[in-house]
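Everything on this sheet refers to the single structure shown next.
Please treat every number below as a calculation from the coordinates, not as lab data. Note that the coordinates shown come from a computational prediction; the quantities given were computed from them, not determined experimentally. As a convention, Cβ positions derive from the backbone with ideal geometry for all residues, glycine included, and neighbour counts pool all protein chains shown.
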Protein chains: 2
Amino acid sequence: MGEQITLSNDAGALFHVPQAEFRRLLDLPLAPPERAALFADLCRLNTLYMITRAGSGHIGSSFSSLDIVSWLHLCVLRPGHDLYFSSKGHDAPGLYAVLTALGALPFEKIHGLRRLGGLPGHPDVAIPGMVANTGSLGMGISKAKGMAEADRVAGRPPRRLFVLTGDGELQEGQVWESLVSAANRHSDGIVAIVDHNKLQSDTFVRRVSDLGDLEAKFRAFGWSVMRADGHDIPAVAAALDALLALPGPRVLIADTVKGRGVSFMEHTALRPEQEFYRFHSGAPSRPDYARATQELADRINGRLAAAGAAPLALEVETVPATAAPPGVRLIPAYTEALLDAAERHPHLVALDADLILDTGLIPFRDRFPDRFIECGIAEQDMVSQASGMALAGLLPVVHSFACFLTARPNEQIYNACSEGKRIVFVGSLAGLLPAGPGHSHQSVRDLAAMGAMPGLTMVEPSCPAAVGPLLRWCLEAAPAASYLRLVSIPCDVPFALPDGWTPEPGRGTVLRPGRDGAVIAYGPVMLTEAWHALDRLEREHGLRLSLIDLPWLNRVDPDWLAETLTGMPLAVSIDNHFRIGGQGDRIAEALAARSGSPPLLRFCVDRLPDCGRNDEVLKAHGLDRDSLAAGILARLRP
Amino acid sequence: MGEQITLSNDAGALFHVPQAEFRRLLDLPLAPPERAALFADLCRLNTLYMITRAGSGHIGSSFSSLDIVSWLHLCVLRPGHDLYFSSKGHDAPGLYAVLTALGALPFEKIHGLRRLGGLPGHPDVAIPGMVANTGSLGMGISKAKGMAEADRVAGRPPRRLFVLTGDGELQEGQVWESLVSAANRHSDGIVAIVDHNKLQSDTFVRRVSDLGDLEAKFRAFGWSVMRADGHDIPAVAAALDALLALPGPRVLIADTVKGRGVSFMEHTALRPEQEFYRFHSGAPSRPDYARATQELADRINGRLAAAGAAPLALEVETVPATAAPPGVRLIPAYTEALLDAAERHPHLVALDADLILDTGLIPFRDRFPDRFIECGIAEQDMVSQASGMALAGLLPVVHSFACFLTARPNEQIYNACSEGKRIVFVGSLAGLLPAGPGHSHQSVRDLAAMGAMPGLTMVEPSCPAAVGPLLRWCLEAAPAASYLRLVSIPCDVPFALPDGWTPEPGRGTVLRPGRDGAVIAYGPVMLTEAWHALDRLEREHGLRLSLIDLPWLNRVDPDWLAETLTGMPLAVSIDNHFRIGGQGDRIAEALAARSGSPPLLRFCVDRLPDCGRNDEVLKAHGLDRDSLAAGILARLRP
């Protein structure tokens, strides 16, 4: 064991390995596998730093992959001849740590994970060293095939393309779709590496949707397969060497430990009664951070001492932990509403795609285990199963994040809607915020993707009190399928719906009266910003605009709208969504159909969403209260 | 050999087996497999009748599956206890023949294939005996799993669920996605049958995207597998019996012949130099029809004679063959434009998903074989490959039918757009027509699904002369990705663009002038209907409206629009698409933003598209010239 150092006890202290230390340690006279293992631990320290500072990120997958990623970058990849990228993408912090350490990415970027202009939560090609946009699962091998074809067409020497996938990710059909032609085309350059860390988002892969004999599956698809302990670097090196000598597309199944490198973060530390792994996403608590950093630093210093080198010199900064943001949350209200509905509807079933924690389904599963269907990361299969269930008399409620639910199984949803049965699609994590995960997860295109499903009605509750009535409407009154769109972040909602509020299709509720214009919006994020914008306009400019909660996202009652806007000089629509397909389109259509309507001013997302802190991103897109107030004022008092 | 009959030589004569003859023949004292083989041939006769009368349909797959489907319906399925449906769905005519013969579907329906109120081109649950909407590939096993779960949740005895799939269909990732949980849940009730007829839409499966060792693949996914000659009914029976005794989900790989039952329609009759199979879709020529019917009738009568039974009494009707509709086609213009572009752009590559015939790519493939990538029925993989190619410097042009291209890989397209590279998505078979295949193929939701892709521009040419300039704009001027939407049916276009027309983003071209209102539309189908509607309004009512071709589907220049509409009492928008997401939404937005705009009257698809003859369906949706004229007149002269 090496020299013990004790890290500062300062509650706000965050430590990172400076680049000079990486250079020093890479120059130590160590065998390459030893050097890579040491380097991986240094990167773990910086990964932990980045994620803790950002307040969110994926530790578990970064840590499980870091030994492999370090080995690849130190000893396998030939610059200009090989490419590496991660298909799962949420292991980005680990990769950023490697690239900043090696100077492939400006070092100071490590201070800006999930910040505007910093390093996005999932890979984006705008960042040096990022080869492809990933984070939506299952696309990596297809992308690598396209890159291999490009080399061939351009007449370049073929590169070797190393693609890391998750194991839960293998539940996506696209992965198997992508394997077939790689084998038929003898894509020699592609090496897939499965980071088989045994856990997916919620819990163990084998509990969610067991992969069975993974080696047999890949072999049956015509791929050469090797298997190795992904933390035994000499074994990884030998397996890669052996694989590279085999023909055709190749896969290394690397058995890894999620959270590897910090004892209490390793999934193998889960006790038998613990179902859920705590370090998949989110940030560690500050005490957990301090323990983990200490453990890593101790191990590193032990290795350094054994090599006769001076201990690690960490840099420290004081970054106070941010308190949990205030506000109410819709997901717990949804959980309650769903339980209540399930009591009333014995044929209600809930389907999930490996997001049971985030979609609020744990109490449902525990109370109605026979009516809960865990589908794994297999959204297409989930939706078509729901269609079969609905045809056979059940009332399916289908859950995922809005970004995935509305896009991956888009054709399956259309097919289900064409059958005319009642199915409720529930998309959480909807809208521009949270902005930390980046555009693969920011769902600002879901209304466009879902709006024209025949017979489907889209609704979004503005506050917890609206969740139950809207879910009930979807389950009991909707003409056919429906889409319940849920914001997942806490919101400090300043308004309230009237007691006993019930949904009236196509009609909204006035949250505050006014005569100088009417602002129509939906959901807690934008209604809250709008409320404060109108406060300011009233306080500072004497302008009183009404604020209307219109929870119907693809239908507007034109008579209600005309009546509501009578005498108003301006209508304002605010979308937590792209312009195209947003609620503003429906308002515009109703206004355009009649002569003499007031003009419509729209606020909405107009480009690929930025990644960053929520306040930064809201402002960058002109959707914060200040921008709204300024935009409305400029129109009313030009 | 039995008694020879000679069918009428009348060029318009179509023959069908009446229901009484089915009853007679089912009562013959034959062994069950012999009876099923005879029944299958009778059904082949009626399938041929239906498709020839309809003018389109899928003979090859109906014939390859009919021996199996007949055996199942005569000797395996227990009413109320078992369900059968086809996942591929385009074998519907064969199944309709079986169900009408058995009285499960009103017999007179055989006269209404692909007609309004008749039998749709692909299965729809509104039709008796149709268990699920299929025709979009790859969903069947998922749906069966949902039905099995429904039996469990409802506490019903589990049904046996027989699902037929194609072999080309197995290229869809959803199939493999769906296999995993079936194995994990020990879904004993599910029996998949692969109609392994060796050909997919265009040509041989092994040429498009070889499936490799299919048995090994299913086994690796935990399924029990049997294999049999799908035309040897005793072998099929034995294999099904053996399978049903095995645990877990089960699959029968049935080796079949596409077009089985008519010698010159069997794929095995293809000569080595023949690449394409002629009887996948479409209707046979009348001489081919007569030959095929004669061959089937001869074989049937031979069997009847051997059984000592009277020969077949066919009913005959005279239905003259409809001439090929007049008009111009966009696809040949597209082929030329693409070839021209490929000469100019050495990095242009074309990707296809098993629709090389329909998307007009054969000349491209023949001239640029190294730049043509056949992806098989694997749209997700195709799009992510294109994304990899674009990242690596190629200029990918991605092809499929609009209905599939914009929906199945919807998330992959978003991901590709997020990378900001230039990729051209080309969707043919766009819009409400042709209406014969039914709603799985009628693409009236593609603009909604694509409109909010960040940076993506959508365009649609109105006539052959517009195809080249718009493709060139997409390839050379578009800011990033684009979507080129192509109508596939021939149109008798009455208008012309000015010589040397070039696209101006967001701006339209006046095809005919007028002052009583402005009609804005796109594409040859609706511009042609609108032209004739305006002709009538002018001729019969003295109203002169202008007609504007606006090829930009998700952007409108608001200044151009305001100027164009100056002094107009009415704006009219016509969408070959659903209301939501159509071009009308963009026009409405531009109009709603300004005070004093004329009111907007919209024509569009407002419900799930009807299946039928093109003229029937256009009228049923109020989009034919008469309905347009009446609607505009009612607004201008209320």
Per-residue Cβ contact counts at 10 Å, fewest first, order B:ARG286, A:ARG485 as B:ARG286, A:ARG485
The long-range amide H neighbours of A:LEU395, using H built 1.01 Å from N in the peptide plane and a cut-off of under 5 Å, are A:LEU348, A:VAL349
The relative contact order of region B:13-318, taking Cα pairs under 8 Å that sit 6 or more residues apart, comes to a percentage of 24 percent
Taking the reciprocal of mean 1/r across every pair of different Cα atoms in region B:126-193, the Kirkwood radius in Å is 12.6 Å
For region A:356-371, Karplus-derived ³J(HN,Hα) couplings (6.51, -1.76, 1.60; θ = phi - 60°; whole Hz; x for glycine and proline) come out as 4, 5, 6, 8, x, 9, 4, x, 5, 4, 6, 7, 10, x, 6, 10
Note: A:210-222 gets an average of partner chain Cβ contacts (10 Å, Cβ to Cβ) equal to 5
Karplus ³J(HN,Hα) for region A:628-634 (6.51 cos²θ - 1.76 cosθ + 1.60, θ = phi - 60°; Hz, whole; x = Gly/Pro) runs 4, 4, 5, x, 5, 4, 4
Once the dipole of region A:301-429 is set up from charges on Cβ (+1 Lys and Arg, -1 Asp and Glu), the residue from the list A:HIS347, A:SER428, A:ALA324 lying farthest towards its positive end is A:HIS347
Projected convex hull area of region A:358-400, Cα atoms, direction-averaged, in nm², equals 3.1 nm²
Shape descriptors of region B:441-552 over alpha-carbon atoms, Rg and Dmax in angstrom, are 14.9, 46
Per residue of B:153-159, other chain Cβ atoms within 10 Å number on average 3
Cα gyration tensor of chain A diagonalised, 5x eigenvalues square-rooted, in angstrom largest first, produces semi-axes 45, 29, 23
Per the charge dipole of region A:13-318 (beta-carbon charges, Lys/Arg positive, Asp/Glu negative, Cα centre), the residue among A:SER201, A:ALA54, A:GLY212 reaching farthest to the positive end is A:ALA54
Scalar couplings 3J(HN,Hα) for region A:128-138 by Karplus 6.51 cos²θ - 1.76 cosθ + 1.60 (θ = phi - 60°), nearest whole Hz, x for Gly and Pro, are x, x, 8, 8, 7, 6, 10, x, 7, 6, x
Here the convex hull volume per residue of region B:316-433, taken over Cα atoms and given in Å³, is 141 Å³
Placing +1 on each Lys and Arg Cβ and -1 on each Asp and Glu Cβ in the protein assembly as shown, then taking the dipole about the Cα centre, the residue among B:ALA101, B:PRO599, B:PRO287 whose Cα reaches farthest towards the positive end is B:PRO599
Partner shielding of B:575-582, taken as the mean number of other chain Cβ atoms within 10 Å, equals 5
Going from the fewest other Cβ atoms within 10 Å to the most, one would list A:CYS403, B:CYS463, A:CYS43 as B:CYS463, A:CYS403, A:CYS43
With a Förster distance of 22 angstrom and the Cβ-Cβ distance between B:CYS75 and B:ASP229, calculated FRET efficiency to the nearest 0.05 equals 0.80
Counting only backbone N atoms under 17 Å from a point 7 Å out along Cα-to-Cβ of A:ALA477, the residues of region A:491-525 in range are A:497-510
For region A:414-456 the mean separation of alpha carbon contacts under 8 Å (6+ apart) over residue count, i.e. relative contact order in percent, is 46 percent
Beyond 31 Å (Cα-Cα) in this structure, taken from A:LYS88/A:LYS619; A:LYS143/A:LYS198; A:LYS88/A:LYS217; A:LYS143/A:LYS421; A:LYS258/A:LYS421; B:LYS145/B:LYS619, we find A:LYS143/A:LYS421; A:LYS258/A:LYS421; B:LYS145/B:LYS619
re the protein assembly as shown: pairs of Cα atoms spaced beyond 60 Å account for a percent value of 14 percent
The helix B:140-154 Cα axis meets the longest alpha-carbon principal axis of chain B at an angle in degrees, between 0 and 90 and rounded to 10, of 70 degrees
Given unit charges at Cβ for Lys, Arg (+) and Asp, Glu (-), the dipole magnitude of region A:13-318 about its Cα centre in debye, nearest 20, is 440 debye
Evaluated at 37 °C and 0.692 mPa s, the Stokes-Einstein D of region B:102-165 based on the Kirkwood radius over Cα pairs, in µm²/s, stands at 243 µm²/s
Under 5 Å from the placed amide H of B:GLY436, counting only residues 5+ away or on other chains, we find B:GLY612
All alpha-carbon distances of region A:499-587, grouped into 5 Å bins from 0, give the whole-percent distribution 3, 14, 26, 26, 20, 9, 2, 0
Taking Cα pairs closer than 8 Å and at least 6 residues apart, the relative contact order of chain A in percent is 13 percent
Here region A:59-99 gives, from Cα atoms, an Rg and Dmax in Å of 10.0, 30
Going from the fewest other Cβ atoms within 10 Å to the most, one would list B:THR457, A:THR318 as A:THR318, B:THR457
Counting only DSSP beta bridges with both partners in the protein assembly as shown, the antiparallel fraction in percent, to the nearest 5, comes to 15 percent
In debye to the nearest 20, the charge dipole size for region A:421-536, taken about the Cα centre with +1 at each Lys and Arg Cβ and -1 at each Asp and Glu Cβ, equals 280 debye
With +1 at each Lys and Arg Cβ and -1 at each Asp and Glu Cβ, the charge dipole magnitude of the protein assembly as shown around its Cα centre, to the nearest 20 debye, comes out at 820 debye
The helix A:330-344 Cα axis meets the longest alpha-carbon principal axis of chain A at an angle in degrees, between 0 and 90 and rounded to 10, of 70 degrees
Computed curve, region B:13-318, Cα-only Debye sum without solvent term, log₁₀ I(q)/I(0) at 0.10, 0.14 Å⁻¹, is -0.52, -1.04
One would report the antiparallel percent of DSSP beta bridges in region B:509-633, rounded to the nearest 5, as 20 percent
One would report the antiparallel percent of DSSP beta bridges in chain A, rounded to the nearest 5, as 15 percent
In degrees, nearest 10, the alpha-carbon axis of helix B:92-101 is tilted away from the dominant principal axis of the alpha carbons of chain B by 50 degrees
Region B:50-185, Kirkwood Rh and Cα Rg, ratio Rg/Rh at 0.97
Over chain B, the sum of -39500 (n - 2.57) across DSSP H runs of at least four, divided by residue number and rounded to 500 deg cm²/dmol, gives at 222 nm -12000 deg cm²/dmol
